[in-house]
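**Q** Let me give you the structure first, and then I'll get to my questions.
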Amino acid sequence: MFTINFQNIKKITHGNPDINKIIRNLLQQLLVNRTTRRQNLMPQKKMQQVRIESNTWKRLLDFFREENVRSKNRLSDILKENFDRSLLEDLENFQSRFVQQDELIGLLRNDIAELDKLLLDEKMNDGIRPAMVERKIGKLRHNLSNSERRFSELQLDFNKYLGENIA
């Protein structure tokens, strides 16, 4: 391996002071850029934690999706049976809310995929700033928390409604 230092530069450039100065400045800039780049990258342990959290979110969304499918199937079974037609508007409302939940799950999965891409870019040293990843994580945490709350409310509302109105 060839190590570049100022003594080697002097030998290569035959002592020409102008070339020496240019090369020395370039090497100093390279060293500063390399150091700055390392400082701008997210630490490996932090990246690993974010990947673990991302995988947890994916499993949570899979659970939401599966439960949403079960609820829609339950709704379908009710509509196939002989049911009180006065409940149709409420049941349609639940169906609409289930579809909205599916759309939200899709959007959140896309957001997580974008985060995963950012982490991959970071790992490949494409200069993604930790602040960008942190903003994305904060937004996802907030959105997932709200989604979890809304999902639970929908499931409770649906089950309570069925318990009170379906014989």
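The values are calculated or read from the model by the stated rules, or taken from the named source; none is laboratory data. Note that the structure is a prediction, hence the values are computed from the model and not measured. Cβ: placed from backbone, ideal geometry, glycine included. Neighbour counts: every protein chain shown. Ligands, DNA and RNA are excluded from the accessible area calculation, which covers all protein heavy atoms including side chains. Shrake-Rupley method; radii C 1.70, N 1.55, O 1.52, S 1.80 Å.
**Q** Assess whether Arg70 counts as being open to solvent by 90 Å² or more (accessible area, probe 1.4 Å), without any contact (Cβ under 8 Å) to a residue 12 or more places away in the chain and within 27 Å of the chain's Cα centre (by Cα).
**A** yes
**Q** Right, Ile4: surrounded by 15 or more Cβ atoms within 10 Å (Cβ to Cβ), modelled with pLDDT under 70 and over 27 Å from the mean Cα position of the chain (by Cα) or not?
**A** Criteria not met by Ile4.
**Q** From the set of residues in region 37-53 that are part of a loop (DSSP other than H, G, I, E, B) and open to solvent by 30 Å² or more (accessible area, probe 1.4 Å), which is modelled with the highest pLDDT?
**A** Looking at the filtered set, the residue picked out is Pro43.
**Q** Going residue by residue through region 54-62, is there one that turns out to be over 20 Å from Leu156 (Cβ atoms), touching a residue at least 40 places away in the same chain (Cβ under 8 Å), part of a helix (DSSP H, G or I) and open to solvent by less than 30 Å² (accessible area, probe 1.4 Å)?
**A** yes
**Q** Could you tell me how many of the residues in region 73-107 are part of a helix (DSSP H, G or I), farther than 18 Å from Leu154 by Cβ and either touching a residue at least 60 places away in the same chain (Cβ under 8 Å) or open to solvent by 80 Å² or more (accessible area, probe 1.4 Å) (or both)?
**A** Residues flagged as part of a helix (DSSP H, G or I), farther than 18 Å from Leu154 by Cβ and either touching a residue at least 60 places away in the same chain (Cβ under 8 Å) or open to solvent by 80 Å² or more (accessible area, probe 1.4 Å) (or both) within region 73-107 amount to 3.
**Q** Report whether or not Phe151 is buried (at least 17 other Cβ atoms within 10 Å of the Cβ), in contact with a Ser or Thr (Cβ under 8 Å, 6 or more places away or on another chain), not in a loop (DSSP other than H, G, I, E, B) and not aliphatic (A, V, I, L, M).
**A** In short, no.
**Q** To continue, here is another question. Could you check region 127-142 and list, in sequence order, the residues that are touching a residue at least 24 places away in the same chain (Cβ under 8 Å) and open to solvent by 50 Å² or more (accessible area, probe 1.4 Å)?
**A** Arg129, Lys139
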